[in-house]
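The values are calculated or read from the model by the stated rules, or taken from the named source; none is laboratory data. It should be emphasised that the depicted structure is a prediction, and the values quoted were computed from it without experimental measurement. Note that each Cβ is placed from the backbone with ideal geometry, even for glycine, and that neighbours are counted across all protein chains shown. Heavy atoms of the whole protein, side chains included, go into the accessibility calculation; ligands, DNA and RNA do not. Shrake-Rupley method; radii C 1.70, N 1.55, O 1.52, S 1.80 Å.
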Amino acid sequence: YKRQEYGAEFWNMSKVLAYALGIFASFCFTFQYIPQAVLNYKRKSVRGFSTTGIIMKHVGASFLLVNSYLQEETLAVICYGLVNVIQHSLFMFQFSIYGSEEKPGSKKYLLWLFFPLVPLLLGLFYPITMTGTNSMKPITQVLSHIPQLVECVKLKTTRGVSLPTQHLNFLGGIAGLYMCFVIPPVATTTYLIYLNSIFQALSIYFLAHYYSEFDWQATLNFGDDTYSEATEYKFGAKVENKKAGPV
(Lines give C-alpha, C1' and ligand atoms only; values in the text may rest on other atoms or scores of the structure.)
Protein backbone atom coordinates (compact mmCIF):
# COMPACT_ATOMS: atom_id res chain seq x y z
CA TYR A 1 0.00 0.00 0.00
CA LYS A 2 2.80 2.40 0.90
CA ARG A 3 4.56 1.61 -2.36
CA GLN A 4 1.41 2.50 -4.27
CA GLU A 5 1.08 5.68 -2.24
CA TYR A 6 4.69 6.64 -2.91
CA GLY A 7 4.24 5.77 -6.58
CA ALA A 8 1.15 7.98 -6.87
CA GLU A 9 2.94 10.81 -5.07
CA PHE A 10 5.94 10.48 -7.38
CA TRP A 11 3.65 10.52 -10.43
CA ASN A 12 1.88 13.64 -9.20
CA MET A 13 5.22 15.34 -8.63
CA SER A 14 6.31 14.33 -12.15
CA LYS A 15 3.15 15.88 -13.61
CA VAL A 16 3.69 19.10 -11.65
CA LEU A 17 7.28 19.20 -12.89
CA ALA A 18 6.10 18.52 -16.44
CA TYR A 19 3.61 21.43 -16.29
CA ALA A 20 6.33 23.69 -14.87
CA LEU A 21 8.77 22.68 -17.62
CA GLY A 22 6.06 23.24 -20.20
CA ILE A 23 5.67 26.81 -18.98
CA PHE A 24 9.45 27.17 -18.97
CA ALA A 25 9.58 25.92 -22.58
CA SER A 26 6.98 28.51 -23.60
CA PHE A 27 9.06 31.19 -21.86
CA CYS A 28 12.19 30.11 -23.77
CA PHE A 29 10.44 30.10 -27.14
CA THR A 30 8.78 33.45 -26.42
CA PHE A 31 12.04 35.27 -25.72
CA GLN A 32 14.52 33.22 -27.75
CA TYR A 33 14.91 35.77 -30.55
CA ILE A 34 15.65 38.77 -28.33
CA PRO A 35 19.42 38.00 -28.20
CA GLN A 36 19.46 37.67 -32.00
CA ALA A 37 17.72 41.03 -32.46
CA VAL A 38 20.18 42.62 -30.01
CA LEU A 39 23.12 41.08 -31.86
CA ASN A 40 21.88 42.42 -35.21
CA TYR A 41 21.40 45.87 -33.71
CA LYS A 42 24.82 45.98 -32.04
CA ARG A 43 26.71 45.08 -35.21
CA LYS A 44 24.30 46.98 -37.52
CA SER A 45 24.25 43.97 -39.81
CA VAL A 46 22.37 40.75 -40.48
CA ARG A 47 25.22 39.07 -42.32
CA GLY A 48 25.23 35.36 -41.56
CA PHE A 49 21.60 35.44 -40.39
CA SER A 50 19.44 33.83 -43.07
CA THR A 51 16.63 36.05 -44.37
CA THR A 52 15.11 33.08 -46.22
CA GLY A 53 14.88 31.08 -43.01
CA ILE A 54 13.12 33.90 -41.14
CA ILE A 55 10.68 34.49 -44.01
CA MET A 56 9.74 30.80 -43.90
CA LYS A 57 9.26 31.00 -40.13
CA HIS A 58 7.14 34.13 -40.59
CA VAL A 59 4.89 32.33 -43.07
CA GLY A 60 4.37 29.43 -40.67
CA ALA A 61 3.75 31.73 -37.70
CA SER A 62 1.20 33.74 -39.68
CA PHE A 63 -0.82 30.63 -40.49
CA LEU A 64 -0.58 29.49 -36.86
CA LEU A 65 -1.82 32.85 -35.55
CA VAL A 66 -4.72 33.26 -37.96
CA ASN A 67 -5.84 29.62 -38.05
CA SER A 68 -5.73 29.24 -34.27
CA TYR A 69 -7.81 32.42 -33.90
CA LEU A 70 -10.40 31.39 -36.51
CA GLN A 71 -10.63 27.87 -35.11
CA GLU A 72 -10.97 29.22 -31.56
CA GLU A 73 -7.89 27.51 -30.18
CA THR A 74 -6.73 28.20 -26.63
CA LEU A 75 -5.43 31.66 -25.80
CA ALA A 76 -1.94 30.21 -25.19
CA VAL A 77 -1.72 28.92 -28.78
CA ILE A 78 -2.99 32.21 -30.23
CA CYS A 79 -0.51 34.21 -28.12
CA TYR A 80 2.31 31.92 -29.20
CA GLY A 81 1.50 32.61 -32.85
CA LEU A 82 1.17 36.34 -32.19
CA VAL A 83 4.54 36.57 -30.42
CA ASN A 84 6.16 34.68 -33.30
CA VAL A 85 4.69 37.05 -35.88
CA ILE A 86 5.85 40.10 -33.89
CA GLN A 87 9.37 38.71 -33.52
CA HIS A 88 9.73 37.88 -37.19
CA SER A 89 8.25 41.25 -38.16
CA LEU A 90 11.00 42.91 -36.13
CA PHE A 91 13.56 41.01 -38.19
CA MET A 92 11.86 42.25 -41.38
CA PHE A 93 12.54 45.79 -40.20
CA GLN A 94 16.16 44.88 -39.50
CA PHE A 95 16.51 43.24 -42.91
CA SER A 96 15.13 46.38 -44.56
CA ILE A 97 17.61 48.59 -42.69
CA TYR A 98 20.77 46.49 -42.54
CA GLY A 99 20.29 44.28 -45.58
CA SER A 100 20.70 40.56 -46.15
CA GLU A 101 23.97 38.68 -46.50
CA GLU A 102 26.24 40.96 -48.62
CA LYS A 103 23.36 43.02 -50.06
CA PRO A 104 22.38 46.46 -48.72
CA GLY A 105 19.06 47.02 -46.98
CA SER A 106 15.90 46.73 -49.06
CA LYS A 107 12.41 47.94 -48.25
CA LYS A 108 10.94 44.89 -50.00
CA TYR A 109 11.19 42.96 -46.74
CA LEU A 110 8.55 45.27 -45.24
CA LEU A 111 6.00 43.76 -47.63
CA TRP A 112 6.16 40.56 -45.58
CA LEU A 113 4.55 42.46 -42.71
CA PHE A 114 1.25 42.13 -44.60
CA PHE A 115 1.54 38.37 -45.16
CA PRO A 116 -0.85 37.47 -42.29
CA LEU A 117 -3.61 38.82 -44.56
CA VAL A 118 -3.09 35.77 -46.81
CA PRO A 119 -4.09 33.11 -44.25
CA LEU A 120 -6.81 35.47 -42.97
CA LEU A 121 -8.46 35.75 -46.39
CA LEU A 122 -8.03 32.02 -47.04
CA GLY A 123 -9.55 31.15 -43.68
CA LEU A 124 -12.51 33.51 -44.05
CA PHE A 125 -13.45 32.74 -47.63
CA TYR A 126 -12.14 29.17 -47.96
CA PRO A 127 -12.23 27.72 -44.41
CA ILE A 128 -11.74 24.19 -45.74
CA THR A 129 -8.13 25.14 -46.57
CA MET A 130 -7.30 25.37 -42.86
CA THR A 131 -7.25 21.57 -42.71
CA GLY A 132 -4.13 21.63 -44.84
CA THR A 133 -2.61 24.97 -43.79
CA ASN A 134 -2.61 23.92 -40.12
CA SER A 135 0.53 21.96 -40.94
CA MET A 136 2.34 25.04 -42.29
CA LYS A 137 3.86 25.90 -38.90
CA PRO A 138 5.58 22.54 -38.21
CA ILE A 139 6.68 22.20 -41.85
CA THR A 140 8.23 25.66 -42.04
CA GLN A 141 9.69 25.24 -38.54
CA VAL A 142 11.68 22.22 -39.77
CA LEU A 143 12.61 23.43 -43.26
CA SER A 144 13.51 27.00 -42.24
CA HIS A 145 16.70 25.85 -40.52
CA ILE A 146 18.19 24.51 -43.76
CA PRO A 147 18.86 27.98 -45.26
CA GLN A 148 20.51 29.02 -41.98
CA LEU A 149 22.85 26.03 -42.04
CA VAL A 150 23.66 26.70 -45.71
CA GLU A 151 24.42 30.33 -44.86
CA CYS A 152 26.80 29.34 -42.06
CA VAL A 153 28.62 26.79 -44.24
CA LYS A 154 28.86 29.25 -47.14
CA LEU A 155 30.42 31.95 -44.97
CA LYS A 156 32.35 29.41 -42.88
CA THR A 157 31.22 31.07 -39.67
CA THR A 158 28.36 31.05 -37.16
CA ARG A 159 29.08 34.60 -36.02
CA GLY A 160 25.85 35.87 -37.56
CA VAL A 161 23.76 33.55 -35.37
CA SER A 162 23.07 34.35 -31.74
CA LEU A 163 24.23 31.45 -29.61
CA PRO A 164 22.19 32.64 -26.58
CA THR A 165 19.16 32.31 -28.87
CA GLN A 166 20.22 28.72 -29.54
CA HIS A 167 20.65 28.13 -25.79
CA LEU A 168 17.01 29.11 -25.26
CA ASN A 169 16.00 26.99 -28.25
CA PHE A 170 17.82 23.97 -26.80
CA LEU A 171 16.52 24.39 -23.23
CA GLY A 172 12.97 24.95 -24.49
CA GLY A 173 13.18 21.80 -26.60
CA ILE A 174 14.45 19.66 -23.71
CA ALA A 175 11.84 21.02 -21.29
CA GLY A 176 9.01 20.60 -23.80
CA LEU A 177 10.07 17.07 -24.69
CA TYR A 178 10.04 16.03 -21.02
CA MET A 179 6.55 17.49 -20.70
CA CYS A 180 5.40 15.42 -23.69
CA PHE A 181 6.77 12.19 -22.22
CA VAL A 182 4.94 12.74 -18.94
CA ILE A 183 1.80 14.34 -20.40
CA PRO A 184 1.35 13.02 -23.96
CA PRO A 185 0.11 15.77 -26.33
CA VAL A 186 -3.00 15.42 -28.46
CA ALA A 187 -1.06 16.04 -31.69
CA THR A 188 2.00 13.84 -32.28
CA THR A 189 3.58 16.69 -34.29
CA THR A 190 4.24 18.40 -30.95
CA TYR A 191 7.06 15.91 -30.37
CA LEU A 192 8.54 16.94 -33.73
CA ILE A 193 8.48 20.63 -32.81
CA TYR A 194 10.49 20.09 -29.62
CA LEU A 195 12.88 17.59 -31.23
CA ASN A 196 13.45 20.03 -34.07
CA SER A 197 14.35 22.81 -31.60
CA ILE A 198 16.97 20.55 -30.02
CA PHE A 199 18.35 19.58 -33.44
CA GLN A 200 18.55 23.20 -34.57
CA ALA A 201 20.56 24.22 -31.51
CA LEU A 202 22.86 21.20 -31.68
CA SER A 203 23.58 21.76 -35.38
CA ILE A 204 24.62 25.37 -34.70
CA TYR A 205 26.70 24.24 -31.72
CA PHE A 206 28.46 21.72 -33.96
CA LEU A 207 29.27 24.33 -36.62
CA ALA A 208 30.39 26.85 -34.01
CA HIS A 209 32.73 24.24 -32.52
CA TYR A 210 33.91 23.20 -36.01
CA TYR A 211 34.81 26.81 -36.85
CA SER A 212 36.43 27.26 -33.40
CA GLU A 213 33.91 29.92 -32.42
CA PHE A 214 32.23 28.24 -29.46
CA ASP A 215 32.97 29.90 -26.13
CA TRP A 216 30.54 29.03 -23.32
CA GLN A 217 31.68 31.87 -21.08
CA ALA A 218 31.23 34.44 -23.84
CA THR A 219 27.93 33.08 -25.17
CA LEU A 220 26.28 33.11 -21.75
CA ASN A 221 26.50 36.91 -21.94
CA PHE A 222 23.35 37.65 -23.95
CA GLY A 223 24.12 39.96 -26.85
CA ASP A 224 27.90 39.39 -26.97
CA ASP A 225 27.79 35.91 -28.52
CA THR A 226 30.93 34.74 -30.30
CA TYR A 227 31.98 38.24 -31.31
CA SER A 228 35.07 39.73 -29.82
CA GLU A 229 35.25 43.46 -29.16
CA ALA A 230 38.00 43.80 -31.75
CA THR A 231 36.32 42.12 -34.71
CA GLU A 232 33.14 43.09 -36.54
CA TYR A 233 31.70 41.19 -39.52
CA LYS A 234 29.58 43.32 -41.78
CA PHE A 235 28.45 42.76 -45.38
CA GLY A 236 31.36 40.52 -46.27
CA ALA A 237 34.02 42.75 -44.74
CA LYS A 238 36.05 41.87 -41.70
CA VAL A 239 36.78 45.18 -40.01
CA GLU A 240 39.44 45.35 -37.35
CA ASN A 241 38.76 48.03 -34.74
CA LYS A 242 42.19 48.61 -33.36
CA LYS A 243 42.62 50.75 -30.32
CA ALA A 244 44.59 53.87 -30.92
CA GLY A 245 48.07 53.74 -29.49
CA PRO A 246 49.86 56.55 -27.72
CA VAL A 247 50.53 59.59 -29.87
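So, in the range 76-132, of the ones that are more than 15 Å from L64 (Cα to Cα) and part of a loop (DSSP other than H, G, I, E, B), which residue ends up modelled with the highest pLDDT?
The selected residue is Y126.
Given the residues E72, E5, E9, which is the only one that is open to solvent by 90 Å² or more (accessible area, probe 1.4 Å), outside any helix (DSSP H, G or I) and modelled with pLDDT under 85?
Just one listed residue meets the conditions, E72.
Quick one: how many residues across the range 175-195 are crowded, with 18+ Cβ neighbours inside 10 Å and either closer than 22 Å to M56 by Cα or out of contact with any helix residue (DSSP H, G or I) (no Cβ under 6 Å at 6 or more places or on another chain) (or both)? Give the derivation first.
Going residue by residue through the range 175-195, those that are crowded, with 18+ Cβ neighbours inside 10 Å are 175-180, 193-194.
So of that shortlist, the ones also either closer than 22 Å to M56 by Cα or out of contact with any helix residue (DSSP H, G or I) (no Cβ under 6 Å at 6 or more places or on another chain) (or both) come out as 193-194.
The total comes to 2.
What are the pairs, 6+ residues apart or on separate chains, where a residue within the range 72-91 that is aliphatic (A, V, I, L, M) has its Cβ under 8 Å from a residue that is part of a helix (DSSP H, G or I) and open to solvent by 20 Å² or more (accessible area, probe 1.4 Å)?
Note: pairs meeting the criteria are A76/S26; V77/L64; I78/L65; I78/Y69; L82/L65; V83/T30; V85/L65.
Filter the range 196-221 down to residues that are at pLDDT 70 or above and open to solvent by 90 Å² or more (accessible area, probe 1.4 Å) and give me whichever is nearest to the chain's Cα centre (by Cα).
So the first thing to find is which residues in the range 196-221 are at pLDDT 70 or above, and the list is 196-214.
Narrowing the set further to residues that are open to solvent by 90 Å² or more (accessible area, probe 1.4 Å) leaves 199, 206, 209-210, 212.
Working: F199: 12, F206: 17, H209: 20, Y210: 22, S212: 23 Å.
This residue is F199.
Could you list, ordered by first residue, the pairs with Cβ atoms under 8 Å in which the first is in the range 19-32 and farther than 15 Å from Y178 by Cβ and the second is of a type in the set (A, V, I, L, M, F, W, C) and in a helix (DSSP H, G or I), at least 6 apart or interchain?
T30/V83; F31/L168; Q32/L168
When you go through (1) open to solvent by 20 Å² or more (accessible area, probe 1.4 Å); (2) in contact (Cβ under 8 Å) with a residue 24 or more places away in the chain one by one for H145, which number turns out not to apply?
The number of the failed condition is (1).
Against the condition open to solvent by less than 20 Å² (accessible area, probe 1.4 Å), polar (S, T, N, Q) and farther than 23 Å from L207 by Cβ, how does S162 come out, does it pass?
No: the conditions fail for S162.
Among the residues in the range 22-43, are any in contact with a Lys or Arg (Cβ under 7 Å, 6 or more places away or on another chain) and either at pLDDT 90 or above or surrounded by fewer than 22 Cβ atoms within 10 Å (Cβ to Cβ) (or both)?
Checked against the condition, which is being in contact with a Lys or Arg (Cβ under 7 Å, 6 or more places away or on another chain) and either at pLDDT 90 or above or surrounded by fewer than 22 Cβ atoms within 10 Å (Cβ to Cβ) (or both), the range 22-43 yields at least one hit.
Can you tell me which residue within the range 44-69, out of those that are assigned to a loop (DSSP other than H, G, I, E, B) and not small (G, A, S), is surrounded by the most Cβ atoms within 10 Å (Cβ to Cβ)?
Step one: filter the range 44-69 for residues assigned to a loop (DSSP other than H, G, I, E, B), giving 44-50.
Subsequent filtering for residues that are not small (G, A, S) retains 44, 46-47, 49.
Details: K44: 13, V46: 27, R47: 23, F49: 25.
Checking each candidate, the answer is V46.
Here's a check for you: in the range 174-195, which residue that is among the small types (G, A, S) and assigned to a helix (DSSP H, G or I) is modelled with the highest pLDDT?
That would be A175.
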